[in-house]
Protein chains: 2
Amino acid sequence: MLRKSLRSWTRPAMLCRQMSVVARSLKYSQHGEPVDVLHLVEDKLTSPQNQQVLVKILAAPINPADINTIQGKYPVKPKFPAVAGNEFVGEVVCVGDKVKNLQPGAHVVPLATGLGTWTTHAVYNEDQLLAISNKVGLAEAATITVNPCTAYRMLKDFVQLSPGDTVIQNGANSAVGQAVHQLCKAWGINSVGIVRNRPEISELKNMLEGLGASAVLTEEEMRTCDIFKSGKLQRPKLAFNCVGGKSATEVSRHLSDRGVMVTYGGMSREPVTVATGPLIFKDIAFRGFWMTRWSKENYSAPERTQMFNDICQLIEQGKFVAPAHEMVPLEKFKDAAAAALNFKGFTGKKFILDMNC
Amino acid sequence: MLRKSLRSWTRPAMLCRQMSVVARSLKYSQHGEPVDVLHLVEDKLTSPQNQQVLVKILAAPINPADINTIQGKYPVKPKFPAVAGNEFVGEVVCVGDKVKNLQPGAHVVPLATGLGTWTTHAVYNEDQLLAISNKVGLAEAATITVNPCTAYRMLKDFVQLSPGDTVIQNGANSAVGQAVHQLCKAWGINSVGIVRNRPEISELKNMLEGLGASAVLTEEEMRTCDIFKSGKLQRPKLAFNCVGGKSATEVSRHLSDRGVMVTYGGMSREPVTVATGPLIFKDIAFRGFWMTRWSKENYSAPERTQMFNDICQLIEQGKFVAPAHEMVPLEKFKDAAAAALNFKGFTGKKFILDMNC
């Protein structure tokens, strides 16, 4: 008890035993369409105790997986009533008396998944949070734990890549796709992107090449020309697939001997079709990746710390930016959720709830 | 020169400088159907020099890949004119003066692939041959390097199996399938086999269970009952697919979390279809295996020696037998090749050319 008092006394600014905050949260008590089941609810939060931290949420993105979770179509099932949302960047308001490494004013992002983040304030445990530099922009920080980490891990964990190697991906304009282009550019890896044709294809190609893509092709262009034949780009050792169906089959055809295709999404809702010949004679492998699982299994692993350090450093150096996004006030979540749903597939535009509005 | 003379002098029985042998071989000079392009040709063989070994072929099987090679449908392309065939067991007749470890009378099987084995006699290099015990039966020895080794490697190289684990496979009555059942039984691993329904299904199930299968189901039975639900058998960590299409998809559904499906054949000529969900959320992997590649890449590896030792030991202990087979005289190769082709898929019956007839 003496020790506790002493600590309280030496760090008075970090404690907030009498703090009273009302959180406005998007909650749901049954699965369904977000516009139907989400309700803006006010809850009085109790002061953070022990290892707890009171966080003022600054921004929280709407990811496709969040929508699927609300719909009940995702393998992660929340306990009802649940606050929706999985990612955020917040500011520490005050901390319980056993919190060791967080101070008021620090920016934090979630280490744990499924915390419920579409809210103005929340009380989390210190070990569920990661402090990151305030120099990391709000949009980048709010979206750091899912898409950039997915891109990072898929580039690191399946084949050994060296500068000059090539990676190919479909859905190259997705949020993960944009992260892949930027990480590849930073690491000297060639990054070939496949996108669906569209009226504004030139602008899209320019945008992705601006991020670091070595080449961007439509699905038709990919089918009709083999850009690896000339030898300017090496055949890819690694492919990322978030589409499935014919697109995945086409992309996998370009893989080099012993190449690996990693599936992390299934936008077309069609399965991946794998020809027997390349499996056997080229030793192509088809794998999958789920960031949520990796994060749980590597919660405190040094690889995870290294990953966050690397990505934050690139952001601070201006070499990594958030995907195209739009900030939306919490009150307008229904419009944002509907818009997020109506975007057919991944167009790279992400809606981020802005709790400061 | 002195050393050479000394060696010749100390091992006179091994040399055969004046030996003259006429080999009768099945040769082809263009791709096509075996009955059209294979011809029985006589060639006078020169005496083995240096590291060469004159081998009298005792038995050589007709594998599906041999037929495909002759047809030009296999990735291995021989130099014409070529002797057909890839496997054999033979007896050393005599050896060149630099041969170190082979003696006349020794039984040998090929370490190298594509040697051309449908012949009565051949001259090979010592390093292309592996001596095996004369106690290993001719049918077992003649078929040891492809099917049993495929089964062995697929069980060893993709997931770590322990006694009590389960493996599932379609085409469970194929030659590889039969080898899988036997190795699993020897190693305490549960082996579930899927076969197509047929009039003599009971006899087939009995035969495979006799070899060591823990359970044999038809494709319909697999679809309608989940034998892993009761918990008597653990969900398989590993699946082998030589069929493709719906059969592969069905088999892959039974895999445990982090399970691996290894494709080594494509009997149905349909691709493997991989649902996105299990790839991502169950971390199922789809791989391929080609024995020819493994053998080339591990030509002198200790794992290869260990593999042959293990398999030969099981054969000598009566725990591993050749697949159902029929010995056919070399002169009747056309009938055998036609019969091998007409067997729809793998029924487990292998034709073996018997050079002693």
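Yes or no: A:Leu54 surrounded by fewer than 21 Cβ atoms within 10 Å (Cβ to Cβ), at negative phi, in contact (Cβ under 8 Å) with a residue 60 or more places away in the chain and assigned to a strand (DSSP E or B)?
Values: surrounded by fewer than 21 Cβ atoms within 10 Å (Cβ to Cβ): no; at negative phi: yes; in contact (Cβ under 8 Å) with a residue 60 or more places away in the chain: yes; assigned to a strand (DSSP E or B): yes.
Considered against the rule, which asks whether it is surrounded by fewer than 21 Cβ atoms within 10 Å (Cβ to Cβ), at negative phi, in contact (Cβ under 8 Å) with a residue 60 or more places away in the chain and assigned to a strand (DSSP E or B), A:Leu54 comes out as no.
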- Task: Could you list, in sequence order, all residues of the stretch B:251-264 that are of a type in the set (A, V, I, L, M) and in a loop (DSSP other than H, G, I, E, B)?
- Result: B:Leu255
- Residues that are hydrophobic (A, V, I, L, M, F, W, C), more than 7 Å from every other protein chain (Cβ to nearest Cβ) and surrounded by fewer than 18 Cβ atoms within 10 Å (Cβ to Cβ), drawn from the stretch B:271-306: B:Ala301
- All but one of (1) assigned to a loop (DSSP other than H, G, I, E, B); (2) more than 12 Å from chain A (Cβ to nearest Cβ); (3) surrounded by 18 or more Cβ atoms within 10 Å (Cβ to Cβ) hold for B:Met267, so report the exception by its number. (2)
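Please list, ordered by residue number, the strands (runs of 3 or more DSSP E) wholly in the stretch A:270-333 having 2 or more residues that are closer than 28 Å to A:Ser25 by Cα.
Numbers: elements: A:272-274, A:285-288, A:325-329.
Counting at least 2 such residues, we get A:325-329.
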- Message: Is it the case, given these coordinates, that B:Pro48 is surrounded by 19 or more Cβ atoms within 10 Å (Cβ to Cβ), assigned to a strand (DSSP E or B), in contact with a strand residue (DSSP E or B) (Cβ under 8 Å, 6 or more places away or on another chain) and in contact (Cβ under 8 Å) with a residue 40 or more places away in the chain?
- Response: no
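Can you name every residue in the stretch A:91-110 that is of a type in the set (A, V, I, L, M) and either farther than 25 Å from A:Leu38 by Cβ or not assigned by TED's automatic domain parsing to the domain that holds A:Leu26 (or both)?
Of the stretch A:91-110, the ones of a type in the set (A, V, I, L, M) are A:92-93, A:95, A:99, A:102, A:106, A:108-109.
Passing the criteria: A:Val92, A:Val95, A:Val99, A:Leu102, A:Ala106.
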- Restricting to the stretch B:237-254, what's the tally of residues that are touching a residue at least 60 places away in the same chain (Cβ under 8 Å) and surrounded by 21 or more Cβ atoms within 10 Å (Cβ to Cβ)? 10
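Looking at A:Val93, A:Val35, A:Val99, which is the one that is more than 23 Å from A:Val146 (Cα to Cα) and within 24 Å of the chain's Cα centre (by Cα)? If you could, list the steps in order and put the result at the bottom.
Details: A:Val93 fails: within 24 Å of the chain's Cα centre (by Cα); A:Val99 fails: within 24 Å of the chain's Cα centre (by Cα).
Step by step, each of A:Val93, A:Val35, A:Val99 is checked, and only A:Val35 is more than 23 Å from A:Val146 (Cα to Cα) and within 24 Å of the chain's Cα centre (by Cα).
Which residue, of B:Ala248, B:Ala239, B:Ala213, is among the small types (Gly, Ala, Ser) and either assigned to a loop (DSSP other than H, G, I, E, B) or at the interface with chain A (Cβ under 8 Å from one of its Cβ atoms) (or both)? So that I can check it myself, show each step before the final result.
On the way: B:Ala248 fails: either assigned to a loop (DSSP other than H, G, I, E, B) or at the interface with chain A (Cβ under 8 Å from one of its Cβ atoms) (or both); B:Ala239 fails: either assigned to a loop (DSSP other than H, G, I, E, B) or at the interface with chain A (Cβ under 8 Å from one of its Cβ atoms) (or both).
None of the others qualify; the one that does is B:Ala213.
In the stretch B:220-236, what residues are part of a helix (DSSP H, G or I) and either buried (at least 17 other Cβ atoms within 10 Å of the Cβ) or of a type in the set (Gly, Ala, Ser) (or both)? Walk me through it before giving the result.
The initial filter retains those residues of the stretch B:220-236 that are part of a helix (DSSP H, G or I), namely B:220-224.
Within the stretch B:220-236, just B:Met222 meets the criteria.
Assess whether A:Val180 counts as being crowded, with 23+ Cβ neighbours inside 10 Å, in contact (Cβ under 8 Å) with a residue 24 or more places away in the chain and touching a Pro at 6+ places or on another chain (Cβ under 8 Å).
Details: crowded, with 23+ Cβ neighbours inside 10 Å: yes; in contact (Cβ under 8 Å) with a residue 24 or more places away in the chain: yes; touching a Pro at 6+ places or on another chain (Cβ under 8 Å): no.
So A:Val180 fails the test.
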- Item | Number of the condition not met by B:Ala336 [criteria: (1) under 19 Å from the mean Cα position of the chain (by Cα); (2) modelled with pLDDT of 95 or more; (3) not charged (D, E, K, R)] | (2)
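The values are calculated or read from the model by the stated rules, or taken from the named source; none is laboratory data. Fair warning: this is a prediction, and the values are worked out from it, not measured in the lab. Don't worry about glycine lacking a Cβ; one is built from the backbone with ideal geometry, like all the others, and counts go over all protein chains shown.
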